[in-house]
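Report on the following structure.
Every number here is computed from the coordinates shown, using simple stated rules; none is lab data. If you're wondering where the values come from, they're calculated on a predicted model, not measured in any experiment. Counting neighbours? That spans all protein chains shown, and the Cβs are built from the backbone with ideal geometry, glycine included.
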Amino acid sequence: MKKIVPNYYSKFKCIADKCRHSCCVGWEIDIDERSYDFYKAVGGEFGKKLKSNISLEDGTAHFILGDKERGPFLMENGLCELFINLGEDKLCDICTMHPRFVNYLSDREEIGLGLTCEEASRLILSEKDKFSLISSGKNEGEALNDDEREILSFRELCIHTVTDRSKGIKERLAILLSLPDYCMVPDLNIKYWAEEYLKLERLDAAWGEILEKLKAFKGDLPYEDILTEFETEFEQLTVYFIYRYLIKAAEDYLTAEYLQFTFISVFMIAKVLALIKAEKGVVKRENLFEIARIYSSEIEYSDENLENLLDIFSEMNF
């Protein structure tokens, strides 16, 4: 099967102990059957520790989190004890894949990096070259169906629109929302959106505090200035959302909703940066990387949160 990846994909490497937001903290990690069968057969002292830190519930195995929701094999130096003892090829599928995501089409699999990883966030948003896709392998499955061909063609148009650097990023975003039929431009009242996001489930209390500040802020938070200041970074951010989500419309037909989600995600991240600038007088690229990471963790990695936002846009369009 063909594999499709972004042009920056091969540059990614886990920074392991240098990571400030370990993927081994706060996340329940399910174990695939192949890995579970292997772990049950591991002997010695480490085998005992391994088996004592696995729970089986409703037929699904997962690691038992420790204090502060730390993975049981996360060492104080930030390295993974399981990796050290058994090797990278013995990690379960989730640990091997993170922070990658995969979308499957009839003739290919499209792979990308998720912003929830701080190193992936830095890599994606630091990329200076225009977004492009790299293909490898051969199609050994079925041909694309009509819906897949149509949405791929439309996605290409969207990406071309966002990467047209002859126009400012604000204009490109406006054009983006005009491309699909029945796509309403969302109301850009930050207090409204802060309230809507506060209704969603939260992983990190810090995100709730940010939303409360947005909701209570007196005065203007000119996000357009932030878009202009970090134009290439927001171009990459916008294309990230388009690449990751728009292809799903081949199945659920939520084309306009995915573009509205893209637009509001960019808007929210830019508004948070405008808030930081209002409070501190300056905003840095590192702030953008971190806010994008937090946003991704809170919204993209909660099916419930994503579905609730898409519902808002669906109601808006009809």
**Message:** If each DSSP helix of 4+ residues adds -39,500 (n - 2.57) and the sum is divided by the residues in the chain, what number results at 222 nm, nearest 500 deg cm²/dmol?
**Reply:** -15500 deg cm²/dmol
**Prompt:** Suppose every K and R has +1 on its Cβ and every D and E has -1 on its Cβ; what is the size of the dipole of the chain about the Cα centre, in Debye to the nearest 20?
**Reply:** 1280
**Request:** Please state, to two decimals, what the Cα-based radius of gyration of the stretch 129-230 comes to when divided by 2.2 N^0.38 Å (N = residues).
**Result:** 1.49
**Long-range amide H partners of residue 32 with built H, under 5 Å** = 93, 94
**Item:** Proximal lysines to residue 13, defined as alpha-carbon separation beneath 24 angstrom and excluding residues fewer than eight positions away on the same chain
**Value:** 2, 3, 90, 128, 130, 284
**Prompt:** If contacts are Cα pairs under 8 angstrom and at least 6 residues apart, what is the relative contact order of the chain in percent?
**Reply:** 20
**Message:** Below 8 Å between Cα atoms, with a sequence gap of 6+, how large is the relative contact order for the stretch 24-97 in percent?
**Reply:** 38
**Asked** Can you list the residues, at least 5 places off or on another chain, whose amide H is less than 5 Å from the amide H of residue 101, using H built in the peptide plane?
**Response** 112, 113, 114
**Request:** Calculate one ³J(HN,Hα) per residue across the stretch 233-245 by plugging θ = phi - 60° into the Karplus curve 6.51 cos²θ - 1.76 cosθ + 1.60, and present them in order as whole Hz with x for glycine and proline.
**Result:** 4, 6, 4, 5, 4, 4, 5, 4, 5, 5, 4, 6, 10
**Asked** For the stretch 182-196 and the stretch 226-281, what is the separation of their Cα centres, given in Å?
**Response** 13
**Prompt:** Among 59-69, 108-118, what's the highest-first ranking by average C-beta atoms within 10 angstrom per residue?
**Reply:** 108-118, 59-69
**Fill in**
Residues meeting the amide H criterion for residue 54 (H placed from the backbone, H to H distance under 5 Å, 5 or more places apart or on another chain) are 64
**Fill in**
The farthest towards the positive end of the charge dipole of the chain, of the residues 121, 101, 297, given +1 on Cβ of Lys and Arg and -1 on Cβ of Asp and Glu, is 121
**Item:** Derived scalar couplings ³J(HN,Hα) [the stretch 159-168; Karplus, 6.51 cos²θ - 1.76 cosθ + 1.60; whole Hz; x for Gly, Pro]
**Value:** 5, 4, 5, 6, 9, 7, 6, 6, 10, x
**Request:** Largest first and to the nearest Å, give the Cα extent of the chain along each principal axis.
**Result:** 62, 51, 36
**Prompt:** Percent relative contact order of the stretch 185-267, based on C-alpha pairs within less than 8 angstrom and at least six residues apart?
**Reply:** 28
**Message:** Rounded to two decimal places and with Rh computed the Kirkwood way over Cα pairs, what is Rg over Rh for the stretch 24-97?
**Reply:** 0.92
